[in-house]
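The values are calculated or read from the model by the stated rules, or taken from the named source; none is laboratory data. No experiment lies behind these values; they were computed from the predicted model shown. Cβ coordinates were reconstructed from backbone atoms using ideal geometry, including for glycine residues, and neighbour counts include every protein chain displayed.
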Amino acid sequence: MKFLQNIGLILFILGLLVFTALPFLGTYQLEPSMVEEHTKEMHQEAMQEILEPMVGKTYSSNFSFIKAYNQHFNTYNEALKEEQAWDQVIWDDYLFPLTKAASSGPVAEAPNLFMALSIGLAVLGGLLYIFPLYRNVPAGIKHDGIYFSAMKARGWLGIITGTYLIGFYVILYWYPEYLANLVIMVDPLSYLLSGNPASQWFLYGLIYTLAILVMGIRMFRKYKGNNYQTIRTVSVMFFQLSFAFLIPEILVLFNMPWHDFKNIWPLDYSFFYEYRIDGMLSSGALGMFMLVWGIILIVIGVPIFTYFYGKRWYCSWVCGCGGLAETLGDPYRQLSDKSLKSWKIERYLVHGVLVFAVLMTAITITNYFMEFSLLGQATDQLHAIYGFAIGSAFAGVIGTGFYPFMGNRVWCRFGCPLAAYLGMVQRFKSRFRITTNGGQCISCGNCSTYCEMGIDVRWYAQRGQNIVRSSCVGCGVCSAVCPRGVLKLENGSEEGRINDMPIIIGNESINVKSS
Amino acid sequence: MIENNIVILGNGISGVTCARHIRKNNPKVPITLVSAETRHFFSRTALMYIYMGHMTYEHTKPYADDFWEKNDISLRFGWVKEIDFGQKQLKFEDGEVLGYQQLVLATGSKPNKFGWPGQDLNGVQGLYSYQDLLNMEENTRDIDHAVLVGGGLIGVEMAEMLASRNIPVTFLVREKGFWDNVLPKKEAALVGRHIREHHVDLKLETALEEIIPDSSGRVKAVKTSNGETINCQFVGLTAGVSPNIEVLKNSELETNRGILVDHQFRTNLPDVFAIGDCAEFKTTPGKGRKHIEQVWYTGRMHGETLAHNLTQKKAVNYTPGIWFNSAKFFDIEYQTYGQVPAEWTEDSWSFYWESESGKVALRFLFDLEDRILGMNAFGWRMRHEFFDRAISEGWKAERVIRQLDKADFNPEFHKNFHQQLLSQYNREKGTSITLPKQSFIQKLIGSRS
Ligand SMILES: Cc1cc2nc3c(=O)[nH]c(=O)nc-3n(C[C@H](O)[C@H](O)[C@H](O)COP(=O)(O)OP(=O)(O)OC[C@H]3O[C@@H](n4cnc5c(N)ncnc54)[C@H](O)[C@@H]3O)c2cc1C
Ligand code: SF4
Ligand code: SF4
């Protein structure tokens, strides 16, 4: 078993190395036909002229190719900006598609082989490592050695992993051209699903989904015997694979807009953007359904489901960000900060982002109806800021890249505007609570330590108080790890849900009220 | 010296609870918490998790470090070597003295040692304090075999700790079953099986004869009552604990095994009180209760009650409610409510159910009028509130058995054994109790009423 696991580990690392090396393979040659194919009509002439000096040359790496492109392109654009000829400046980004088109070499020739050698090996290795986990070991809490681990306790492995993830996200969001080979590699799969070439987002979606699936299986092994954990993991795996990955691609195959039916505004912050609305409105009945369904989820779905089940129905059963956090991020859940100070920061930040998203959307919608006569510029600017700061930097780079440093729910806790909305409903109008079992708490601290949302669960449990917190995503891990069976996630009558002055059962000398 | 101050010796659960509740009732009175163990209160019950790498010491502190200052509770770190009850002064090892107006003794316990030959060798230790934990870390480094002596809760925790580091363990238990002075036979067997499932070599009916040193004065083997010699580099002594009152003996303070107190925690000396593990009630505080209560929950209740008495006009007697306790044997959680002795007399009867896996079990004890007296639960979490009521109101057997779904405290979607248990009950008792029906909607929204 150990042997198999070691092989798995080696294969995984090999796959990762190949994946990391691929962008550096091959050569790059630009042809006029590529420029023709990948640039807009209006820019054809200019682009051909700008890139003329590159045509016919062979670049030995993506670095030299991208450098040359940037040189020529920027010289042209900067000159126009200097002259303030704003309408002639080219704002579109053609670097990624042109790099992708210009790449030739082993990856372009045998994409499937490289897919197998990189992503394939990593998945296979991961599975080989995971399947034998905890075999022949009784079901129970598997937290031995976490705080001695170089990976899970901010040791050197954790630092390397975090740095790699952060690097990957920065490149993905802002320098995707460097990933051209990787995107070429997944082209065949993309054609198969949507009939279109892959973008960096397809690559990302694929890796993301695989991470959830593979690490989801790890959850089954780890939480063997805890059905709540198993079932909700099946749920996030299902929603990611179907709703977030396959269905949107298949929609595209049928000339529909790419749409994730389970993504809800304001997490899906571009839902009310002009291009999305137009896309839905021009896609017939199904498009109309997308729009109406989206709105129903926001105004009816969220409050009703959250009333009955708490925000967990979304955050740890459906959501993609939550799905990744609960699977890939599970080894890091103990790294969340439990201090009062971070709770304070959390409340400011998460509600701040919500306000930002709401305002931005309000302006967008107003503009939409006024046909951009008023605040057109401002809308674009707001979108750019939000997309950069929240959509990419916060949700991506920090949200996932910081798993090994600050735990697996940094985005969900400090940034997600939908979580803030769900949280308000959960706090003030819901049947969900975590019940504290009378006087059984021994203040050991397992619950607080393993709460990914940084809730100091023990603080409530040891005074006999139920846990009713807007941030609780109902992952159920506090309940799982409690060695004394003190915590139970449950839905019940609103009466007695919030017991601010609990009485700890057991002492009849006095009515001991905590405060 | 500050006048009118309260000094609490011991910053464990009982001393800390007392301090917190005094502060709650009286915002002004100066309070000093004294301890030589750790500067801040930590949860002793979590010691094992530090060793196992589930948590660090920091995680085991129930209150943040600034809590004490915020609540104006002074902390004094240091060992008290003597108390001058006449002068009302604590004398510290470093020569300092601390005066008090009222003194609360909450000095806890220390591990029992029964005079075994070799019990003070290097590599031989109990597990009670934070220092013990640090020692255990040292003593178990790079060893290839460990022996544990004594079959109680701390013993099984130590077994789990060692197992988490893949150190082979032999566990010597003098009795016929594991912890069988508390657990009925079947439960003791269940726990024993599970301990073995974790590859611990559990040797029942085997006592420790002698611990054998090597030339450097470190343990190298133990000899058992069966004449067997087991090589080992570590011996854990876990044969119970007794009140930690060394410092207080040979003073005017009246002690027996612990510090003798009445039901208001008063000792024989004015303004001196004792709570928690170190206190011994002259008469038991209730039916079925012990003279010395050595668990977390009772320490907390002692602290709450004494704090009330020190701050309110009308003092009350300590009146504990229905007994409860819990523990965990490796992966099997155990809860108990009310009274379930290891053996019961003719005036009560019991119903026992165990799952096929042999890892989930419930025992109920009823009197001859079928009123519930107590219950043990293994691998099945129960609602404290439910059994607190059922037992104090004397619910009848059928009512308890039928309503078990309301007592169920397992996580959602957990395998439900209620029907199985009911069927067995019906078979044994010739009854025909059926499961309460839940409508689809009730199930869907997870209602339990
Ligand atoms: C490993 C372990 C696991 C346990 N698990 C459980 C459990 O799961 N459930 C349960 O109910 N109970 C459990 N217990 C028992 C429980 O922890 C004790 O009953 C409880 O901690 C006693 O609290 P206390 O406040 O009376 O004393 P303590 O917590 O022992 O505090 C006494 C303090 O006083 C200090 N002190 C004593 N004398 C002096 C002096 N002269 N000068 C300075 N300082 C002094 C000591 O150093 C110590 O810090 C466990 C105990 C151990 C050791
Ligand atoms: S409180 Fe418990 S259920 Fe809620 S997020 Fe924290 S660990 Fe998960
Ligand atoms: S894990 Fe359980 S016993 Fe430990 S502090 Fe939390 S609620 Fe209390």
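The single condition among (1) surrounded by fewer than 22 Cβ atoms within 10 Å (Cβ to Cβ); (2) touching a residue at least 24 places away in the same chain (Cβ under 8 Å); (3) out of contact with any Lys or Arg (no Cβ under 7 Å at 6 or more places or on another chain) that B:T238 does not satisfy is (1). For the stretch B:11-31, the condition holds for at least one residue, the condition being that it is within 16 Å of ligand 3 (Cβ to nearest atom) and within 23 Å of B:F85 (Cα to Cα). Looking at B:T56, B:T17, just one residue is within 13 Å of chain A (Cβ to nearest Cβ) and either touching a Pro at 6+ places or on another chain (Cβ under 6 Å) or crowded, with 23+ Cβ neighbours inside 10 Å (or both), and that residue is B:T17. Scoring B:G286 on the criteria (1) modelled with pLDDT under 95; (2) of a type in the set (G, A, S); (3) within 15 Å of the chain's Cα centre (by Cα) leaves a single failure, condition (3). Within the bounds of the stretch A:407-429, is there any residue that is within 30 Å of B:L47 (Cα to Cα) and within 16 Å of ligand 1 (Cβ to nearest atom)? No, the stretch A:407-429 contains no residue that is within 30 Å of B:L47 (Cα to Cα) and within 16 Å of ligand 1 (Cβ to nearest atom).
Checked across the stretch A:402-412, the condition of being facing another protein chain (nearest Cβ under 10 Å) and out of contact with any strand residue (DSSP E or B) (no Cβ under 6 Å at 6 or more places or on another chain) holds for no residue. For the residues A:I13, A:I66, A:I90, the requirement of being surrounded by 13 or more Cβ atoms within 10 Å (Cβ to Cβ), touching a residue at least 40 places away in the same chain (Cβ under 8 Å) and within 30 Å of A:L128 (Cβ to Cβ) singles out A:I13.
Scanning the stretch B:28-44 for residues that are farther than 14 Å from B:W296 by Cβ, touching a residue at least 12 places away in the same chain (Cβ under 8 Å) and either more than 9 Å from ligand 1 (Cβ to nearest atom) or surrounded by 24 or more Cβ atoms within 10 Å (Cβ to Cβ) (or both) yields a total of 9. With respect to the stated conditions, B:A377 fails to be assigned to a strand (DSSP E or B), within 11 Å of chain A (Cβ to nearest Cβ) and in contact with a helix residue (DSSP H, G or I) (Cβ under 6 Å, 6 or more places away or on another chain). Answer yes or no: is there a residue in the stretch A:242-253 that is in contact with a strand residue (DSSP E or B) (Cβ under 9 Å, 6 or more places away or on another chain), closer than 26 Å to A:G387 by Cα and modelled with pLDDT of 95 or more. No, the stretch A:242-253 has no match at all.
Given the structure, is A:A419 within 16 Å of ligand 2 (Cβ to nearest atom) and within 22 Å of the chain's Cα centre (by Cα)? For A:A419, the condition - within 16 Å of ligand 2 (Cβ to nearest atom) and within 22 Å of the chain's Cα centre (by Cα) - is met.
Can you confirm whether the stretch B:245-259 contains a residue that is surrounded by 15 or more Cβ atoms within 10 Å (Cβ to Cβ), within 13 Å of another protein chain (Cβ to nearest Cβ) and free of Cβ contacts under 8 Å to residues at least 60 places away in the same chain? For the stretch B:245-259, residues surrounded by 15 or more Cβ atoms within 10 Å (Cβ to Cβ), within 13 Å of another protein chain (Cβ to nearest Cβ) and free of Cβ contacts under 8 Å to residues at least 60 places away in the same chain: absent.
Does at least one position in the stretch B:421-433 carry a residue that is outside any helix (DSSP H, G or I) and of a type in the set (S, T, Y)? Yes - at least one qualifying residue is present in the stretch B:421-433. Go through the stretch B:299-330 and give me each residue that's among the polar types (S, T, N, Q) and in contact (Cβ under 8 Å) with a residue 24 or more places away in the chain. B:T305, B:N309, B:T311, B:Q312, B:N317, B:T319, B:N325, listed by residue number.
Of the residues A:G492, A:G485, A:G476, which single one is more than 15 Å from ligand 3 (Cβ to nearest atom), within 7 Å of chain B (Cβ to nearest Cβ) and under 35 Å from the mean Cα position of the chain (by Cα)? Exactly one of A:G492, A:G485, A:G476 is more than 15 Å from ligand 3 (Cβ to nearest atom), within 7 Å of chain B (Cβ to nearest Cβ) and under 35 Å from the mean Cα position of the chain (by Cα), namely A:G492. Among the residues of the stretch B:261-268, is any of a type in the set (S, T, Y), crowded, with 20+ Cβ neighbours inside 10 Å, over 26 Å from B:F324 (Cβ atoms) and in contact (Cβ under 8 Å) with a residue 24 or more places away in the chain? Within the stretch B:261-268, one or more residues are of a type in the set (S, T, Y), crowded, with 20+ Cβ neighbours inside 10 Å, over 26 Å from B:F324 (Cβ atoms) and in contact (Cβ under 8 Å) with a residue 24 or more places away in the chain. The residue list A:E494, A:E452 contains one member that is more than 10 Å from ligand 2 (Cβ to nearest atom), of a type in the set (D, E) and in contact (Cβ under 8 Å) with a residue 12 or more places away in the chain, which is A:E494.
Applying the criterion of at least 2 residues that are farther than 30 Å from B:N166 by Cα and more than 22 Å from the chain's Cα centre (by Cα) to the helices (runs of 4 or more DSSP H) found wholly in the stretch B:1-90 leaves B:13-25, B:67-70. Scanning the stretch A:430-439 for residues that are more than 8 Å from chain B (Cβ to nearest Cβ) and within 16 Å of ligand 1 (Cβ to nearest atom) gives no hits. Across the stretch A:440-467, the number of residues qualifying as more than 10 Å from every other protein chain (Cβ to nearest Cβ), under 26 Å from the mean Cα position of the chain (by Cα) and not in a helix (DSSP H, G or I) comes to 5. Put simply, of B:I441, B:I445 the only residue that is aliphatic (A, V, I, L, M), closer than 29 Å to A:E495 by Cβ and touching a strand residue (DSSP E or B) at 6+ places or on another chain (Cβ under 9 Å) is B:I445. Of all residues in the stretch B:294-330, which are charged (D, E, K, R), more than 8 Å from ligand 1 (Cβ to nearest atom) and within 19 Å of the chain's Cα centre (by Cα)? Listed by number, the residues that qualify are B:R300, B:E304. Scanning the stretch B:357-379 for residues that are on the phi > 0 side of the Ramachandran plot and in contact (Cβ under 8 Å) with a residue 60 or more places away in the chain yields one hit, B:G358. Selection of the stretch B:279-295 for residues being on the phi > 0 side of the Ramachandran plot and crowded, with 20+ Cβ neighbours inside 10 Å yields an empty set.
To keep it simple, each residue is scored yes or no on (1) under 20 Å from B:V247 (Cβ atoms); (2) touching a strand residue (DSSP E or B) at 6+ places or on another chain (Cβ under 8 Å); (3) away from chain A (no Cβ under 13 Å).
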{"residue": "B:V34", "(1), (2), (3)": "yes, yes, yes"}
{"residue": "B:S43", "(1), (2), (3)": "no, no, no"}
{"residue": "B:L47", "(1), (2), (3)": "no, no, no"}
{"residue": "B:M52", "(1), (2), (3)": "no, no, no"}
{"residue": "B:P62", "(1), (2), (3)": "no, no, no"}
{"residue": "B:E69", "(1), (2), (3)": "no, no, yes"}
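Candidates in the stretch B:384-416 are the residues that are of a type in the set (D, E) and without any contact (Cβ under 8 Å) to a residue 40 or more places away in the chain; of these, the one that is farthest from the other protein chains (Cβ to nearest Cβ) is B:E398. Here B:L47, B:L75 are screened, and the one residue that is of a type in the set (A, V, I, L, M) and surrounded by fewer than 23 Cβ atoms within 10 Å (Cβ to Cβ) is B:L75. Note on the stretch A:37-148: enclosed helices (runs of 4 or more DSSP H) holding 2 or more residues that are under 30 Å from B:F330 (Cβ atoms) and of a type outside the set (F, W, Y) are A:121-130.
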